[in-house]
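Novice: This is the structure, below, for whatever I ask next.
The values are calculated or read from the model by the stated rules, or taken from the named source; none is laboratory data. Just so it is clear, the structure is predicted and the values come from calculations on it, not from any experiment. Glycine gets a Cβ as well: all are built from the backbone with ideal geometry, and neighbour counts include every protein chain shown.
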Amino acid sequence: MKNILNNKKILFIIISIIVILLLCTLIFSRYEVNIVKKKIPYIEDKKNSLSSDINQQELAPENYIASVPIFMYHFILDDYGNNMDVENFMKTSTLEEQIKYIVDNNYQTIFENELDKLYKYTKPVALTFDDCFVYFYNNAFPIIKKYKVKVTLNLIYNYMNGENYLTDAQVKEMLDSGLVSIESHTLSHKELTTLSNDEQRKQILDSKKKFEEKFGVEMSTICYPVGDYNQETINIAKEQYKFGLAMTGGVYHTNIHTDRYKIPRIYANRSMDINTFANYLKQSKVVIY
């Protein structure tokens with residue numbers, strides 16, 4: 001009888017242990033499931049967050065600095081005739097040599113209206129042409145098309161269709177190519193600091209309105225004639241433009257030249273050799289941090 005009781009106790013203890021083990025296993029299994037369930041949304045959330053961050057960066061990141069050579073050209077013409085400003089007349093062969101160097105070395109040409117989108121590029125460079133008589137269409141545009149680079153023309157509205165100047169049809173053809181953009185070089189190329197506030201407003205704002213109506217474009221940049229501007233000029237420009245271009249100052253550094261209405265450019269003159277041009281280009285970079 002005593003042995004039977006002892007055996008029952010042992011059996012009870014064994015069963016109890018088994019039950020406890022089973023309960024522990026069940027509880028632990030549920031705990032693991034909950035952990036996994038919690039981890040999966042967390043991972044997905046991180047993925048979604050990362051994707052969101054990338055998309056936001058593609059749209060408009062604030063955390064970048066850029067150095068961009070912005071070259072300023074005037075006339076592309078071999079024979080400068082009786083003109084005194086010889087340096088304003090770049091040879092056609094020189095322009096082609098420079099553009100070929102850009103393409104061969106994987107630099108990326110941008111329009112003036114992309115100066116706030118530099119984070120999309122790694123080695124940006126801007127080619128800007130002021131005044132833009134018909135010589136651009138005859139001598140430069142064929143090179144632009146050959147190498148498929150982007151350029152911006154800073155046009156003078158009242159000169160349109162005049163003697164030796166670009167016609168509406170020529171500008172329309174170049175815009176349709178997708179390789180040329182246009183911006184304002186005012187109505188009549190007057191030195192802005194010699195004008196009254198009202199006259200400045202007319203030169204700066206009316207030119208934008210007229211160009212936009214004529215060609216169906218949206219202008220973002222005012223190019224100051226002869227690089228001449230004052231605080232009144234800038235205040236007016238800020239009303240309707242994103243950028244203001246000067247004539248000198250070297251490479252544009254976003255962390256140094258923080259006023260977008262005083263953006264510097266490099267004078268691409270007749271004497272500029274390919275080594276000088278290349279040294280400016282080598283400063284091109286975009287750093288996202």
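Novice: Here are GLN283, GLN200: which of them is at pLDDT 95 or above, of a type in the set (S, T, N, Q) and under 21 Å from the mean Cα position of the chain (by Cα)?
Specialist: It is GLN283.
Novice: Between a first residue in the range 105-120 that is buried (at least 19 other Cβ atoms within 10 Å of the Cβ) and a second residue that is assigned to a loop (DSSP other than H, G, I, E, B) and among the hydrophobic types (A, V, I, L, M, F, W, C), which pairs have beta carbons less than 7 Å apart while being 6 or more apart in sequence or on different chains?
Specialist: Hits for this filter: THR109/VAL149.
Novice: Of the residues that make up the range 233-250, is at least one over 20 Å from the mean Cα position of the chain (by Cα), surrounded by fewer than 21 Cβ atoms within 10 Å (Cβ to Cβ), over 30 Å from LEU281 (Cα atoms) and acidic (Asp, Glu)?
Specialist: Scanning the range 233-250 turns up at least one residue that is over 20 Å from the mean Cα position of the chain (by Cα), surrounded by fewer than 21 Cβ atoms within 10 Å (Cβ to Cβ), over 30 Å from LEU281 (Cα atoms) and acidic (Asp, Glu).
Novice: Shifting gears a bit: In the range 160-179, is there at least one residue being charged (D, E, K, R), in the same structural domain as PRO264 (by TED's automatic domain parsing) and either crowded, with 16+ Cβ neighbours inside 10 Å or touching a residue at least 60 places away in the same chain (Cβ under 8 Å) (or both)?
Specialist: The answer is no, given that none of the residues of the range 160-179 is charged (D, E, K, R), in the same structural domain as PRO264 (by TED's automatic domain parsing) and either crowded, with 16+ Cβ neighbours inside 10 Å or touching a residue at least 60 places away in the same chain (Cβ under 8 Å) (or both).
Novice: Are any of the residues in the range 129-145 closer than 19 Å to MET247 by Cβ, under 21 Å from the mean Cα position of the chain (by Cα) and surrounded by 22 or more Cβ atoms within 10 Å (Cβ to Cβ)?
Specialist: The answer is yes; a qualifying residue exists.
Novice: Can I ask one more? Across the range 209-243, which residue is nearest to ALA126 (Cα to Cα) among those that are out of contact with any helix residue (DSSP H, G or I) (no Cβ under 6 Å at 6 or more places or on another chain) and charged (D, E, K, R)?
Specialist: The qualifying residue nearest to ALA126 (Cα to Cα) is LYS242.
Novice: Suppose we filter the range 84-134 for residues that are among the hydroxyl-bearing types (Ser, Thr, Tyr), touching a Lys or Arg at 6+ places or on another chain (Cβ under 6 Å) and part of a helix (DSSP H, G or I); how many remain?
Specialist: Residues meeting the conditions: 0.
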